[in-house]
Amino acid sequence: MDYEGYFRDQLDALRGEGRYRVFTDIERRRGAFPRAMRYRDGGEPTGDVTVWCSNDYLGMGQFPAVLASMHEALDRSGAGAGGTRNISGTTHDHVLLEAELADLHGTEAALLFTSGYVSNWAALGTLASKMPGCVVLSDASNHASMIEGIRHSRAEKVIWRHNDPEDLNRKLAALDPNRPKLVAFESVYSMDGDIAPIAEICDVAEAHGAMTYLDEVHAVGLYGPRGGGISERDGLADRLTVIEGTLGKAFGVMGGYIAASAALCDFVRSFASGFIFTTALPPAVAAGARASIRHLKTSDVEREAQRERVTKVRAGLDAAGIPHLANPSHIVPVMVGDAVQAKRISDELLDEFGIYVQPINYPTVPRGTERLRLTPSPVHSDADIDHLVASLGTIWTRSGLKRAA
């Protein structure tokens, strides 16, 4: 077999469909975000761009207290953790962060992972595989990390219609009531920005004796009086078996976690290969995440500012007739509907207008729903928003793209 030829052919096919991913080389500017320096091939700087697609939703990756905590931990403990959590890698910063996370969600315990992807893969894979006869009921729009965790478990999987408690009820009713059952879903879905009916899903799961596993990665820090997510905002955290979250989005740093009972966290800690066999987060990262969480537990300033920015962006898009998907969250999907067009618009925004927003194509979203995913944040100014809307309007006009009614 011509291996190299095969690789090239597959990449050429991606390019032909407009789905080939091109990484934009940027350097975030501390204290000036969303400004970032862009670098061309060969490492030549080309000037500042404005980032509109970051998951650092509140700008906490630039927050002074977060940076100070990381500097202090780096000076105190050095760069790395020194090993897995089992072999010298459990530092005091990890212990403090897990306690902070348990407090955030009102649970007995929390368990850290190196990313939100790993926490889903490891926790779901372990829970579903270790409970004899377990069946996992997975929302049809669940993230790839959840799907991979369930697949890795080799447990039976039943897919229920997205955000449809009635369909979940039918699927659960068809199962042996004595079997272990785990209902896995998200609070805020990252591409459409819709929000799950958590209370209704819990009602159905409880009626059938099923555990609940809620992915809150796009909600922690952003919703609830202390940033505990949609489950905290709606007063439902105590009804969930597992709350999973990330430290790499609204908290602005890196890592993932689950929050649950002490026994469940200990169970995953003791059996999950994705936890046991990987090096722990650097102590400085854990310290920075803890500082971010502690701040957002007591400050609503960032959340209020973000909500105002989202409202202003949506109003601007409406006024310009730029089609965007309505939802109750902070995510603003500008709908294009074609992979080649989405890539072209992204390139023009970057090259001509200094605006960085990546195109979102299949398999992240279904074919025909390609989009630009905007994430307004407190650090975007009125001028940034006006420039974004005007630039999109220019591209829409000269391209003859359909305007929203």
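Going through [x] 25.9; [y] 21.8; [z] 18.7, the figure that equals mean projected area of the Cα convex hull in nm² as computed for the structure here is [y].
Distance distribution note for region 162-309: the fraction of Cα pairs above 19 angstrom is 58%.
For His387 and Ser273, FRET efficiency with R0 = 45 Å and r from the beta-carbon atoms, rounded to 0.05? E(calc), rounded to 0.05, equals 0.40. Charges were assigned to the Cβ only: +1 to each Lys and Arg, -1 to each Asp and Glu. The resulting dipole of region 115-239 about its Cα centre is roughly 520 debye.
The residues of the chain expose on average 43 square angstrom of accessible surface per residue, using a 1.4 Å probe on protein heavy atoms.
Note on region 274-327: dipole from Cβ charges, positive end direction compared against Leu281, Ile322, Ser299; the farthest Cα belongs to Leu281. The loop-placed trypsin sites (Lys or Arg not before Pro) in region 314-382, going by DSSP, that have at most 13 neighbouring Cβ atoms within 10 Å of their Cβ come out as Arg367. Straight Cα distances below 29 angstrom link Lys171 to the lysines Lys130, Lys157, Lys181, with same-chain residues fewer than 8 positions distant left out.
Among beta bridges from DSSP that stay inside region 186-339, the antiparallel ones total about 60%.
Charge dipole (Cα centre; +1 on Lys/Arg Cβ, -1 on Asp/Glu Cβ; no other charges) of the chain amounts to roughly 200 debye.
Using Cα springs under 10 Å in a Gaussian network model of the chain, which residue among Leu111, Leu247, Leu350 shows the largest mean-square fluctuation? Maximum fluctuation in the GNM of the chain, among the listed residues, is at Leu350. Anyone know which of Glu98, Glu348, Glu370 comes out most mobile in the 10 Å Cα GNM of the chain? Per the Cα network of the chain with a 10 Å cutoff, Glu348 tops the list.
Max-minus-min Cα coordinates of region 117-203 on each principal axis give 34, 31, 16 Å, with the largest extent listed first. GNM remark for the chain: springs join alpha carbons under 10 Å apart, and the peak mean-square fluctuation among Ala263, Ala237, Ala65 falls on Ala263. Projecting the Cα atoms of Met1, Asn55, Ala128 onto the charge dipole of region 1-139, computed from C-beta unit charges around the Cα centre, puts Asn55 farthest toward the positive end. At an R0 of 60 angstrom, the distance between the Cβ atoms of Ala68 and Asp12 translates into a FRET efficiency of 0.80. Overall, the accessible surface of region 1-99 at a probe of 1.4 angstrom is composed of carbon and sulfur to the extent of 53 percent. Dipole of region 1-73 computed with +1 at Lys/Arg Cβ and -1 at Asp/Glu Cβ about the Cα centre; of Phe23, Pro64, Gly43, farthest Cα towards the positive end is Pro64.
Of all trypsin sites (Lys or Arg not before Pro) in region 145-184, which ones are in loop regions per DSSP and have a Cβ with at most 12 other Cβ atoms within 10 Å? Answer in residue order: Arg154. Overall, region 250-391 carries a charge dipole of about 620 debye about its Cα centre when +1 sits on the Cβ of Lys and Arg and -1 on the Cβ of Asp and Glu, all other atoms neutral. A 1.4 Å probe over all protein chains sorts Phe33, Phe63 by accessible area into Phe63, Phe33, starting with the largest.
What a 1.4 Å probe finds exposed on region 337-405 is 55% carbon and sulfur by accessible area, rounded to a whole percent.
Look at where the Cα atoms of region 156-192 and of region 256-288 average out, and the two centres are 26 Å apart. Distance from the C-alpha centroid of region 13-41 to that of region 353-405: 15 Å, rounded to the whole angstrom.
The values are calculated or read from the model by the stated rules, or taken from the named source; none is laboratory data. It should be emphasised that the depicted structure is a prediction, and the values quoted were computed from it without experimental measurement. No Cβ is skipped: glycine too gets one built from the backbone with ideal geometry, and neighbour counts run over all protein chains shown. Accessible surface areas use protein heavy atoms only, side chains included; no ligands, DNA or RNA. Shrake-Rupley method; radii C 1.70, N 1.55, O 1.52, S 1.80 Å.
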